[in-house]
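Have a look at the structure below before the remarks.
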Amino acid sequence: NAGVMQNPRHLVRRRGQEARLRCSPMKGHSHVYWYRQLPEEGLKFMVYLQKENIIDESGMPKERFSAEFPKEGPSILRIQQVVRGDSAAYFCASSPQGWDQPQHFGDGTRLSIL
Amino acid sequence: GESVGLHLPTLSVQEGDNSIINCAYSNSASDYFIWYKQESGKGPQFIIDIRSNMDKRQGQRVTVLLNKTVKHLSLQIAATQPGDSAVYFCAERDLEGGGADGLTFGKGTHLIIQP
């Protein structure tokens, strides 16, 4: 009964490189959300996806960031040309369909930019 | 902008005592609330949720109270144990308004259990 799986757990990139973060939702969950967390702060919503569709990306920066949730495989959060300010913990959550269903989180990917 | 916030950044309680963690929210359109527990190096763990048509909900050792009049949410943990040490976040969702479909999180309260 696996929960939300994220990988890698830690990712180190140099400025200008690309970062790819992966998330496999819980079995039976069709909704995926990505959040960013800075130290000593709460999580900030980035994007909400369903299979093959971006439903809401209002929290995601317009440049360099993109997300997908293909028909097969995990959801991917992609950050191009990373900068120091991208250093953070990125969490993925999933939920079943339904407006009042709680989101369940993975253990995150800690991204460090050198 | 409107946001969810917490009154105290740190709460220290004796093992065995009851803990009460508070949360004030400002978005009157929010109608679904969740409490999460986050341990160091891990993701938020769901504790309990409540819809705005309720004012109280109980789980195992936890109770959530919602006061919509003053826009206040609290989490009560009975007989606090060492394993309860963590940062606790309240989160809200505005299901009626437009904008983000994600949750809006407060900054968190660090619960410290003293032996």
### Message
Cut-off is 10 Å between beta-carbons; in what order do B:37, B:42, A:62, B:56 appear when sorted fewest neighbours first?
### Response
A:62, B:56, B:42, B:37
### Task
Determine the distance separating the Cα centre of the stretch B:37-81 from the Cα centre of the stretch A:1-79; give it in Å without decimals.
26
### Task
State the answer as a single residue: which of A:75, A:31, A:21 lies farthest towards the positive end of the charge dipole of chain A, with beta carbon charges of +1 for Lys and Arg and -1 for Asp and Glu, about the Cα centre.
A:21
### Query
chain A: Rg/Rh from Cα coordinates, Kirkwood Rh?
0.95
### Message
I need the Kirkwood Rh of the stretch A:56-100: take the reciprocal of the average 1/r across all distinct C-alpha pairs and report it in angstrom.
### Response
12.7
### Message
Need one number for the stretch B:11-68: average projected area of the convex hull over its C-alpha atoms, nm².
### Response
5.0
### Message
Please check: in the Gaussian network model of chain B (C-alpha springs, under 10 Å), which one of B:22, B:67, B:53 has the largest mean-square fluctuation.
### Response
B:53
## Note on the structure
Computed on Cα atoms only, the convex hull of the stretch B:25-99 has an orientation-averaged projected area in nm² of 5.6
### Query
Taking Rh as the Kirkwood radius, which is the inverse of the mean 1/r over Cα pairs, what is the Rg/Rh value for the protein assembly as shown?
0.97
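Here, each number is a calculation from the coordinates, and none is a lab measurement. Since this is a predicted model, take the numbers as computed values, not measurements. No Cβ is skipped: glycine too gets one built from the backbone with ideal geometry, and neighbour counts run over all protein chains shown.
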